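This report concerns only the one structure given below.
The values are calculated or read from the model by the stated rules, or taken from the named source; none is laboratory data. No experiment lies behind these values; they were computed from the predicted model shown. Note: ideal-geometry Cβ built from the backbone for every residue, glycine included; neighbour counts use all protein chains shown. Ligands, DNA and RNA are excluded from the accessible area calculation, which covers all protein heavy atoms including side chains. Shrake-Rupley method; radii C 1.70, N 1.55, O 1.52, S 1.80 Å.
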Amino acid sequence: MSRPDVVPVRPGVPDLAQWIRPGDCVVCGQVAAEPLTLTRALVEQRERLGGVDVFVGTLFSDTFSPAKAEGLRFCSYGAMGRAASLASAGLLRIVPTHYSELEPAFASGMRPADVVLIQLAPSRAGRGLSFGLANDYVVAAARRARVVVAEINPDAPWTRGAEVPADLRIDLAVQAACAPLEIRSDAAAGELETRIARHLAEIIPDGATLQTGIGNLPDALLAGLAGHRELGLHSGLLGDRAIELIESGVVTNARKTIDAGITVTNLVGGSARARRHVDDNPAFEVRPAVYTHGAATLASIDRLWAINSVLEVDLSGQANAEMLGGVPRGGVGGLNDFVRGARHSAGGRAVLALPATTGDGRRSRIVPTLASATATVTRSDVDLVATEWGVADLRHCDLDERARRLIAIAAPQFRDALARAVREPES
């Protein structure tokens with residue numbers, strides 16, 4: 001074992017059987033911080049490991065596909081990204097935990113972590129290693145793990161706020177065999193996403209601080225804010241579209257009430273462009289989730305607008321972001337952390353965004369009752385709900401008024417049926 005600033009870096013793919021025991025829980029880095037050299041080795045060597053549990057987060061790679069799952073048992077805080085394919089195959093156990101609680105759960109040992117596979121950026125100018133693209137629960141898991149295997153990736157950015165502390169033990173360090181995973185947003189936003197984004201752009205004020213993610217709807221929203229001024233960013237995950245707004249001068253962070261002048265996030269996605277922007281950038285920090293998702297932090301950011309996607313909303317205002325057709329599709333994640341944080345922010349708002357119908361147009365996503373019986377956001381926490389038909393302000397509305405406002409932003413062909421469901425509830 002070695003201090004992180006002096007650990008020797010070995011070339012080649014490690015023999016993980018020397019470090020992983022049968023029945024171990026292996027925690028892997030997520031999003032663009034997935035240590036691809038190590039996770040691919042885990043899959044390739046799985047038959048020799050004797051059966052292990054693997055805790056994954058949001059997946060954008062195809063490393064852990066169902067076809068490569070034999071001998072591995074998967075667990076996650078949600079079925080986000082490509083983890084949904086594991087859920088569809090019945091191979092993913094879900095821990096419905098708020099994202100802000102994952103870090104303390106691993107730190108306390110309530111969530112097991114025997115072996116941690118993590119990606120790090122190399123030292124710069126006499127400074128130590130950096131966690132680079134993620135400063136998440138994997139760090140807390142590494143502090144308690146029996147074994148920490150680090151992939152040192154020269155193409156990972158050295159990020160402020162994510163410096164590796166000198167007391168973090170690393171047992172094995174290997175040279176990365178490839179650049180970090182690129183999460184591109186090349187596809188143009190569809191008509192529905194653009195219409196939702198247009199409604200939101202009309203009500204988001206100049207000087208607001210935004211929380212959003214990456215994907216078609218967040219991309220459309222950020223693109224629609226090109227005419228705004230002095231926006232700020234404080235988020236769980238940021239990618240290329242956020243970087244475009246920073247570099248164009250729309251995002252200045254100048255009016256943030258904390259971290260003025262600095263973009264703050266927990267995870268960085270995107271392409272090489274994003275990595276170049278965040279690399280050793282004093283105006284960009286990658287902070288732990290206890291900070292980025294912390295209630296006290298979020299409440300102290302004035303005009304915080306939290307914008308997140310959900311799967312369906314019922315006429316009382318409660319929302320499901322976890323299940324679709326009885327199968328996990330999404331998760332709790334940081335949704336409630338930011339919903340509640342924005343509601344406690346002076347001038348802040350929490351937006352739940354969704355298309356008004358399913359992709360085939362056959363079912364409304366504004367529903368009398370949640371089909372999955374899974375309420376991720378309770379009706380007492382709901383604020384604004386947005387579809388391509390408009391924005392419903394539900395805060396402090398009684399249930400009858402909530403139903404009227406939600407029906408008004410449902411797809412027109414379903415409004416009569418929704419109104420009947422209110423008048424004639426099932427006995």
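Here are the numbers for this structure:
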read-out: Radius of gyration and Dmax over the Cα atoms of the chain, both given in Å; value: 21.7, 71
read-out: Amide H contacts of Gly347 (H built 1.01 Å from N, under 5 Å, at least 5 apart or other chain); value: Arg303
read-out: Rounded to whole Hz, the Karplus (6.51, -1.76, 1.60) HN-Hα couplings of the range 31-36, x for glycine and proline; value: 6, 6, 8, 4, x, 4
read-out: Largest-first principal axis extents, alpha carbons of the range 247-292, Å; value: 30, 28, 16
read-out: Gained length - Ala125 relative to Asp167, 0.36 nm times residue gap less alpha-carbon distance; value: 13.2 nm
read-out: Loop GluC sites (Glu not before Pro), the range 1-78, which have at most 16 other Cβ atoms in a 10 Å radius of their Cβ (DSSP); value: Glu70
read-out: Amide H contacts of Gly232 (H built 1.01 Å from N, under 5 Å, at least 5 apart or other chain); value: Ala208, Thr209, Leu210, Asn253
read-out: D (Stokes-Einstein, µm²/s), Kirkwood Cα radius, the range 1-104, 1.306 mPa s at 10 °C; value: 109
read-out: Cβ-Cβ FRET estimate between Ala177 and Arg143, R0 fixed at 30 Å, reported to 0.05; value: 0.70
read-out: The range 306-427: relative contact order as a whole-number percent, Cα under 8 Å and 6+ apart; value: 28
read-out: Average accessible surface area per residue within the chain, 1.4 Å rolling probe, Å²; value: 39
read-out: Antiparallel %, DSSP beta bridges [both residues in the chain], to 5; value: 25
read-out: GNM result for the chain, Cα springs below 10 Å: residue of Val27, Val95, Val174 fluctuating most strongly; value: Val95
read-out: More than 19 Å apart - percent of Cα-Cα pairs taken over the range 146-255; value: 57
read-out: Relative contact order (percent, whole number), the range 115-179, Cα cutoff 8 Å, 6+ residue spacing; value: 40
read-out: Stokes-Einstein D for the range 222-380, Kirkwood Rh over Cα pairs, 4 °C, 1.567 mPa s (µm²/s); value: 77
read-out: Translational D in µm²/s for the range 263-345 (Stokes-Einstein at 37 °C, 0.692 mPa s, Kirkwood Rh from C-alpha pairs); value: 221
read-out: Reduced Cα scattering model of the range 8-53, Debye log10 I(q)/I(0), q = 0.20, 0.23, 0.30 Å⁻¹; value: -0.68, -0.88, -1.22
read-out: Residue of Ser316, Ser345, Ser248 that the Gaussian network model of the chain assigns the largest fluctuation, springs spanning Cα pairs under 10 Å; value: Ser248
read-out: The range 315-345-the range 120-193 distance, computed between alpha-carbon centres (Å); value: 27
read-out: Computed log₁₀ I(q)/I(0) - Debye formula, equal Cα scatterers, no solvent, the range 48-140, q 0.26 Å⁻¹; value: -1.41
read-out: Distance in nm between pseudo-label sites at His344 and Val422 (7 Å out along the Cβ direction from Cα); value: 3.2
read-out: Long-range HN-HN contacts of Gly78 with modeled amide H, under 5 Å; value: Val95
read-out: Within the range 38-60: backbone nitrogen closer than 18 Å to the Arg73 label point (7 Å, Cα to C-beta); value: 43, 46-57
read-out: Percent RCO, i.e. relative contact order, over the range 263-319, from Cα pairs under 8 Å lying at least 6 residues apart; value: 29
read-out: Dmax and Rg, reported as Rg then Dmax, of the range 206-291 (C-alpha, Å); value: 11.6, 32
read-out: The range 390-402 - phi-based ³J(HN,Hα) in whole Hz, Karplus 6.51/-1.76/1.60, Gly and Pro as x; value: x, 10, 9, 8, 9, 4, 6, 8, 6, 5, 5, 5, 4
read-out: Compactness of the range 314-427 - radius of gyration and Dmax, Cα, Å; value: 13.7, 42
read-out: Contour excess over end-to-end distance, with Cα ends at Ala89 and Ala408 and 0.36 nm allotted per residue; value: 111.1 nm
read-out: Long-range tail of P(r) for the range 101-206 (Cα pairs > 17 Å, %); value: 63
read-out: Rounded to 10°, Cα long-axis angle of helix 99-108 versus longest principal axis of the chain; value: 30
read-out: Fraction of the pair-distance distribution of the range 132-191 above 18 Å, Cα-Cα pairs, percent; value: 48
read-out: From phi via Karplus (6.51, -1.76, 1.60), per-residue ³J(HN,Hα) for the range 139-155 in Hz, x at Gly/Pro; value: 5, 5, 4, 5, 5, 10, 5, 5, 9, 10, 10, 10, 9, 8, 10, x, 8
